[in-house]
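The values are calculated or read from the model by the stated rules, or taken from the named source; none is laboratory data. Computed from a prediction, not measured in an experiment: that's the story for all the values here. Methodologically, a virtual Cβ is constructed for each residue, glycine included, from the backbone with ideal geometry; neighbour enumeration extends over all protein chains shown.
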Amino acid sequence: MIGTQIKPDYSEAVAKFVANGGQIKSAVNTNKAEFNYCNADTVLQSAERPNSHQNHILRTRAEKQGLKSYKPVAPCRSCGTSERSVKSNICLECDRRRARAKTGLSAKNLEAIGHYLLDKGESIEFTSGGQKYVLKVEVA
């Protein structure tokens with residue numbers, strides 16, 4: 001407990017408060033904020049991607065060499081393939097599966113379209129939703 005001696009520069013209201021039996025005590029914080037310095041979200045994200053730093057190095061190296069894909073440190077967890085796109089950093093097989101599911105086309109139909117475009121040696125331009133797209137086949 002702090003003594004009840006008042007320094008001369010305090011106001012008269014404080015002196016009156018103490019004279020009437022009031023006590024001056026040190027403040028107690030009753031609403032303490034609890035800081036968790038180990039952020040659980042960050043820990044979970046790094047656990048999901050343990051090799052992201054090494055993958056970044058491999059990806060930028062492949063990008064500088066002009067490659068379209070690179071092999072990451074660890075294979076994809078969902079499909080097990082070990083090849084990723086340099087541009088989007090998405091697993092190529094998972095990306096193909098998403099594209100097939102989105103278009104509703106089977107792998108056989110997409111392969112037939114690919115053979116057709118490869119034989120013709122041309123690309124198809126089309127517009128969807130006001131945006132222009134180009135569909136072409138490249139040799140990997």
### Hits in segment 104-127 - residues which are under 24 Å from R77 (Cα atoms) and part of a helix (DSSP H, G or I)
A107
### Message
Looking at segment 98-127 only, could you name the residues that are exposed (fewer than 10 other Cβ atoms within 10 Å of the Cβ) and either at negative phi or modelled with pLDDT of 80 or more (or both)?
### Response
A101, K102, K108, D119, G121, F126, T127
### Task
Scan segment 80-111 for residues that are hydroxyl-bearing (S, T, Y) and closer than 16 Å to V137 by Cα and jot them down.
S85
### Query
For the subset of segment 128-140 comprising residues that are not in a loop (DSSP other than H, G, I, E, B) and not hydroxyl-bearing (S, T, Y), which member is modelled with the lowest pLDDT?
L135
### Task
For segment 99-140, enumerate the residues that are more than 23 Å from L67 (Cα to Cα) and of a type in the set (A, V, I, L, M).
A101, L105, A107, L110, A112, I113, I124
### Task
Using the structure shown, decide if C76 is modelled with pLDDT of 85 or more and surrounded by 10 or more Cβ atoms within 10 Å (Cβ to Cβ).
no
### Message
Among (1) modelled with pLDDT of 75 or more; (2) outside the structural domain of V86 (by TED's automatic domain parsing), there is one condition D41 misses while meeting the rest; what is its number?
### Response
(1)
